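The values are calculated or read from the model by the stated rules, or taken from the named source; none is laboratory data. Every value quoted in this text rests on a predicted model; they were computed, and no experiment measured them. Note: ideal-geometry Cβ built from the backbone for every residue, glycine included; neighbour counts use all protein chains shown. When the accessible area is computed, the model is the full protein with side chains, heavy atoms only, and any ligands, DNA or RNA have been set aside. Shrake-Rupley method; radii C 1.70, N 1.55, O 1.52, S 1.80 Å.
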Amino acid sequence: MMENNIDTFEQSIAERIKHLRAQGNLTLEQLATASGVSRAMISRIERGEASPTAALLARICAALGLSLSGFFAEDREIVSPLVKRQDQPTWRDPDTGYVRRAVSPPYVGSDVDIVEVNFPAHAKVSFPPHAASRGMTQYVWLLEGSIEMTTGAGVYLMEAGDCLFMPVGDGHTFHNPTDTPARYAVVLDHRKR
């Protein structure tokens with residue numbers, strides 16, 4: 001079931017970015033400037049010729065004023081406080097193979113998103129500092145395994161059960177230095193302080 005869900009979202013990324021860019025009346029050049037992602041790369045993604053990495057997609061989403069959870073949520077008017085596991089959008093990062101599941105129900109009036117990530121052994125993802133995300137914060141709660149988190153405040157080796165608070169816009173790196181996968185939850189508050 002998860003593979004079909006991943007395939008569905010992989011196919012919709014191009015249309016979703018193009019739709020959101022048009023909805024915001026942004027040209028490719030404007031989105032490129034706001035996100036720090038090249039115009040050529042955004043064009044390739046929109047045409048379905050390239051699949052964005054997690055870092056690139058996060059930068060594009062921030063420039064569109066969305067979290068990754070908001071990006072993957074379908075546009076709909078009906079709001080439900082419950083989202084069943086099988087209906088939670090999942091996405092696989094083509095670069096690292098990590099699988100991201102949007103756990104929290106979309107469009108319920110909350111500024112908080114909850115995400116579950118299955119992070120492969122030896123995977124590493126860096127999110128550079130980005131002005132559009134400044135003021136947003138997140139908690140990373142490690143559920144299984146070990147990860148090394150690098151933030152503006154330092155480097156933290158996390159073990160199962162540990163929780164780290166950090167600003168989103170300052171940039172950070174997730175790294176699993178071990179031979180076993182890790183699983184963690186991210187609680188993202190996208191209100192800008």
Volume per residue (Å³) of the convex hull spanned by the alpha carbons of segment 130-193 is 74 Å³
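Order R85, R191, R59 by their accessible area, 1.4 angstrom probe, all chains in place, largest first.
Values: R85 135, R191 115, R59 55 Å².
Order by accessible area, largest first: R85, R191, R59.
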Got a sec to turn the phi values of segment 14-21 into Karplus ³J(HN,Hα) couplings, 6.51 cos²θ - 1.76 cosθ + 1.60 with θ = phi - 60°, whole Hz, x for Gly and Pro? 4, 5, 5, 4, 4, 4, 5, 5
Between S126 and E15, what is the label-point separation in nm under the 7 Å Cα-to-beta-carbon projection? 3.5 nm
Can you show me the helix-derived [θ] at 222 nm for the chain, built from DSSP H runs with n ≥ 4 at -39,500 (n - 2.57) apiece and divided by the number of residues, rounded to the nearest 500. -8000 deg cm²/dmol
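Probe radius 1.4 Å, ligands and nucleic acids ignored: give me the carbon and sulfur share of the accessible area of the chain as a rounded percent. Walk me through the numbers on the way to the answer.
Working: 5280 of 9810 Å².
Here it works out to 54 percent.
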Along segment 29-40, Karplus-curve 3J(HN,Hα) (6.51, -1.76, 1.60; θ = phi - 60°) to the nearest Hz, with x for Gly and Pro, reads 4, 5, 5, 4, 5, 5, 9, x, 9, 4, 4, 4
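Starting from the Cα-Cα distance between L28 and S43, subtract it from 0.36 nm times their residue separation and give me the gain in nm to one decimal.
On the way: separation 15, 0.36 × 15 = 5.40 nm, distance 0.72 nm.
Between L28 and S43, full extension yields an extra 4.7 nm.
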Modelling each spin label as a point 7 Å along the Cα-to-Cβ direction, I'd like the D162/V112 distance in nm, to one decimal. 2.3 nm
